[in-house]
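Below is one structure, written out as structure tokens; the observations come after it.
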Amino acid sequence: MSEQVMPQGVWHHVGMDEERRKKLRRLGRVYRAALEAERTARLELAAEVLAAVDRDKEQVGEVAREIGFDREWIRRARKAEADRKKKAAAEESGDS
């Protein structure tokens, strides 16, 4: 009696073709690069927005209109920056 649990057609796997493998790898690289570009642009925009409203005392509503986002986006950017600074200070003092 054979110890085979599943018929060969069920468990036997033929690898994907090379063209599909290349396409998936390329699309994965493109997607990861786009995510990193988005992150970089978002951080650069947030830094400039916060400099405008916090340092240069520009009106939040006016800055929001110029960047095409609402005031809430600026509030969230402020909170994210404050959280980042708090985390960095905690890590620096060894309280992580």
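The values are calculated or read from the model by the stated rules, or taken from the named source; none is laboratory data. Since this is a predicted model, take the numbers as computed values, not measurements. Using ideal geometry, Cβ is built from the backbone for each residue, glycine included, and neighbour counts are taken over all protein chains shown.
Give just the number: which of (1) free of Cβ contacts under 8 Å to residues at least 24 places away in the same chain; (2) touching a helix residue (DSSP H, G or I) at 6+ places or on another chain (Cβ under 8 Å); (3) not small (Gly, Ala, Ser) does Arg42 not satisfy?
If we test Arg42 against (1) free of Cβ contacts under 8 Å to residues at least 24 places away in the same chain; (2) touching a helix residue (DSSP H, G or I) at 6+ places or on another chain (Cβ under 8 Å); (3) not small (Gly, Ala, Ser), just (2) comes out false.
Can you pull out the helices (runs of 4 or more DSSP H) entirely within the stretch 14-96 that have at least 2 residues that are β-branched (Val, Ile, Thr) and surrounded by 13 or more Cβ atoms within 10 Å (Cβ to Cβ)?
Working: elements: 18-50, 60-67, 71-93.
Hits in the stretch 14-96: 60-67.
Output the residue which, of all residues in the stretch 23-56 that are over 17 Å from the mean Cα position of the chain (by Cα) and acidic (Asp, Glu), is nearest to Phe69 (Cα to Cα).
Within the stretch 23-56, the match that is nearest to Phe69 (Cα to Cα) is Glu48.
It is to be established whether one or more residues within the stretch 19-32 are at pLDDT 95 or above, more than 26 Å from Lys85 (Cα to Cα) and among the hydroxyl-bearing types (Ser, Thr, Tyr).
The answer is yes; a qualifying residue exists.
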